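Engineer: Handing you a structure now.
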Amino acid sequence: MSAGGHTAGREDRAALGTLLERVGREAAGAGETADCGTLAALARTTLSGGGGTAALDELAAVLTRTGQPLWARELAAFTLGCRGDRRAFETLVLLLNHRDPGRCATAAHALARLGDPRTARAAAALATNPLRTAYALHPVRLLTALRAPESVPALITTLERLVGSSRRGGPAGYGQIAMACVEGLAVLGDRRAIPVLNAAREHPRLAPAASAALGRLTGTGPAGKP
């Protein structure tokens, strides 16, 4: 989608409100409240479709200008992403892999709106990276929302690693991420997921959701059996 191709819906406005609360606290702690207020006003105007190209350019400049705090880059990238401006892509991908879950969630929301064909590949790379499993939750959820060709293979790969590994307790160590994979595969409805969902049923915490997913994929009832 081209830059400025859509304006904010209710979910975008709610996500912006949550983001502004968080970055407002960060900015206040750094003595940057005035700067935050100015950028927040620009973000609100731009997200609602106002300001035109000049507002988008001003936000994009925040991403490249030296010395900008992380909260400012995040706010600018979120707003640009929700407006479909692909200049936000690189920053949003970096934030999707951030150690702060709030930043990951913000980035995932904006990337889902961005419409950049590179997004699914980037999310799949993050979700399947065994060194970054702890940060895979939002990439997994994003892949589910995107319904891209990369989505099912990435979720299968991630879930296979979690249910097949004894490291850090297998899926128990990353239970929320494994559950997100199971739930995502149920939504995506691809029968390639049947083997890994059968494996997931062997783990008590995943068994109910995996059985429900199998039933949905096979049409054989909640337990995935005739």
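The values are calculated or read from the model by the stated rules, or taken from the named source; none is laboratory data. What you see is a predicted model; the values in this text were computed from it and never measured. Cβ placement follows ideal geometry from the backbone for every residue including glycine, while neighbour counts extend to all protein chains displayed. We work out accessible area using only protein heavy atoms, side chains counted, and drop any ligands, DNA or RNA first. Shrake-Rupley method; radii C 1.70, N 1.55, O 1.52, S 1.80 Å.
Engineer: Which residues, counting only those in the range 64-104, are of a type in the set (A, V, I, L, M) and surrounded by fewer than 19 Cβ atoms within 10 Å (Cβ to Cβ)?
Structural biologist: 70, 94
Engineer: Tally time: how many residues in the range 63-91 are in a helix (DSSP H, G or I) and over 17 Å from residue 16 (Cα atoms)?
Structural biologist: So the count comes out to 6.
Engineer: Among the residues of the range 109-143, which ones are touching a residue at least 40 places away in the same chain (Cβ under 8 Å) and within 19 Å of residue 199 (Cβ to Cβ)?
Structural biologist: The answer is 133, 136, 140.
Engineer: Which condition number in (1) within 30 Å of residue 164 (Cα to Cα); (2) assigned to a helix (DSSP H, G or I); (3) in contact with a Cys (Cβ under 9 Å, 6 or more places away or on another chain); (4) open to solvent by 30 Å² or more (accessible area, probe 1.4 Å) is the one that residue 113 fails?
Structural biologist: Among (1) within 30 Å of residue 164 (Cα to Cα); (2) assigned to a helix (DSSP H, G or I); (3) in contact with a Cys (Cβ under 9 Å, 6 or more places away or on another chain); (4) open to solvent by 30 Å² or more (accessible area, probe 1.4 Å), residue 113 violates only (1).
Engineer: Can you work out which of the residues in the range 170-226 that are part of a loop (DSSP other than H, G, I, E, B) and on the phi > 0 side of the Ramachandran plot is modelled with the lowest pLDDT?
Structural biologist: If we take residues in the range 170-226 being part of a loop (DSSP other than H, G, I, E, B) and on the phi > 0 side of the Ramachandran plot, then 224 is modelled with the lowest pLDDT.
Engineer: Then there's this: Count, please, the residues in the range 118-155 that happen to be open to solvent by 50 Å² or more (accessible area, probe 1.4 Å) and of a type in the set (Ser, Thr, Tyr).
Structural biologist: Total satisfying the criteria: 1.
Engineer: What's the number of the only condition in (1) in a helix (DSSP H, G or I); (2) in contact (Cβ under 8 Å) with a residue 40 or more places away in the chain that residue 94 fails to meet?
Structural biologist: In the conditions (1) in a helix (DSSP H, G or I); (2) in contact (Cβ under 8 Å) with a residue 40 or more places away in the chain, residue 94 misses (2) alone.
Engineer: Kindly provide the set of residues from the range 9-30 that are open to solvent by less than 40 Å² (accessible area, probe 1.4 Å) and more than 20 Å from the chain's Cα centre (by Cα), ordered by number.
Structural biologist: The answer is 24, 27.
Engineer: Restricting to the range 31-57, and then to whatever is in a loop (DSSP other than H, G, I, E, B) and surrounded by 12 or more Cβ atoms within 10 Å (Cβ to Cβ), can you tell me which residue is modelled with the highest pLDDT?
Structural biologist: 32
Engineer: Still on this structure: State all residues of the range 123-133 that are hydrophobic (A, V, I, L, M, F, W, C) and either within 22 Å of residue 56 (Cβ to Cβ) or outside any helix (DSSP H, G or I) (or both); if no residue qualifies, say none.
Structural biologist: Once the filter is applied, which keeps residues that are hydrophobic (A, V, I, L, M, F, W, C) and either within 22 Å of residue 56 (Cβ to Cβ) or outside any helix (DSSP H, G or I) (or both), the range 123-133 yields nothing.
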